[in-house]
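Here is the structure we will look at.
The values are calculated or read from the model by the stated rules, or taken from the named source; none is laboratory data. Just so we're clear, the structure is a prediction, and the values are computed from it rather than from any experiment. When we count neighbours, we look across all protein chains shown, and the Cβ atoms used for this are built from the backbone with ideal geometry, even at glycine.
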Amino acid sequence: MSDRKALILHAWYSKSENNWYSWLKKQLEDKKYQAFLPEIPTFNTKLPQLQTSLEFIEKNYPVDANTTVIGHSLGCILALRLAEKYVYKKMILVAGWDYDDLTEEHKSFWPNKINHAKIRENVKEIYCVTSDNDPYTTLFNVEAMNKRLGGKLIVIKHRGHFGSNEKCKQIPQLLSLI
């Protein structure tokens, strides 16, 4: 069994079998990763809860120095919150954001501002993957997040939010980041 682990954190109102998640899990397994793709509690509800989601991940899928965490949309916020607490190998944020989203639906994810300095200290390799036509988070916002994180920006043309609206079943560009 490999000591390399990968944790894929799906988007809000998504399921692990949706979008490109299962494809990526298979690709990771083919590269001899232990790949995990959990159904995140509360992510399929109107009011997802950070604390419940974090506790679930911490209990069932602990991250360590050999872990790569891949988040999509709201899963990126969960990845960032994990990176504030734990040292892990690599973080790939797909269609993410880091600004205070105080909408009713997401307010539990913002008990405090994201600690970018702690994240940079804990995770040395960070990628921010976005599209030039994401309807939810703009390229400008992702560029700013990438700068705060000290990451590497990857822009993929015309892929929207990399979700079910775009029928996104694969993101081949992720493979070179793993």
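State which residue pairs qualify: first residue within 14 Å of T68 (Cβ to Cβ) and of a type in the set (V, I, T) and inside the range 14-33, second residue at pLDDT below 95 and buried (at least 18 other Cβ atoms within 10 Å of the Cβ) in any location, beta carbons under 6 Å apart, and separation of 6 or more residues or different chains.
none
Of everything in the range 98-143, what is hydroxyl-bearing (S, T, Y) and either surrounded by 13 or more Cβ atoms within 10 Å (Cβ to Cβ) or touching a residue at least 12 places away in the same chain (Cβ under 8 Å) (or both)? Give them in sequence order.
Result: Y99, S108, Y127, T130, S131, Y136, T137, T138.
Residue check: is D64 surrounded by 18 or more Cβ atoms within 10 Å (Cβ to Cβ), in contact (Cβ under 8 Å) with a residue 40 or more places away in the chain and of a type in the set (D, E, K, R)?
no
Against the condition surrounded by 23 or more Cβ atoms within 10 Å (Cβ to Cβ) and hydroxyl-bearing (S, T, Y), how does S73 come out, does it pass?
Yes; evaluated as a whole, the condition is true for this residue.
N146 fails exactly one of the following numbered conditions: (1) modelled with pLDDT under 95; (2) surrounded by 15 or more Cβ atoms within 10 Å (Cβ to Cβ). What is the number of that condition?
(1)
When the range 85-124 is examined, which residues are found to be within 22 Å of P48 (Cβ to Cβ) and of a type in the set (A, V, I, L, M)?
M91, I92, L93, V94, A95, L102, I114, I119
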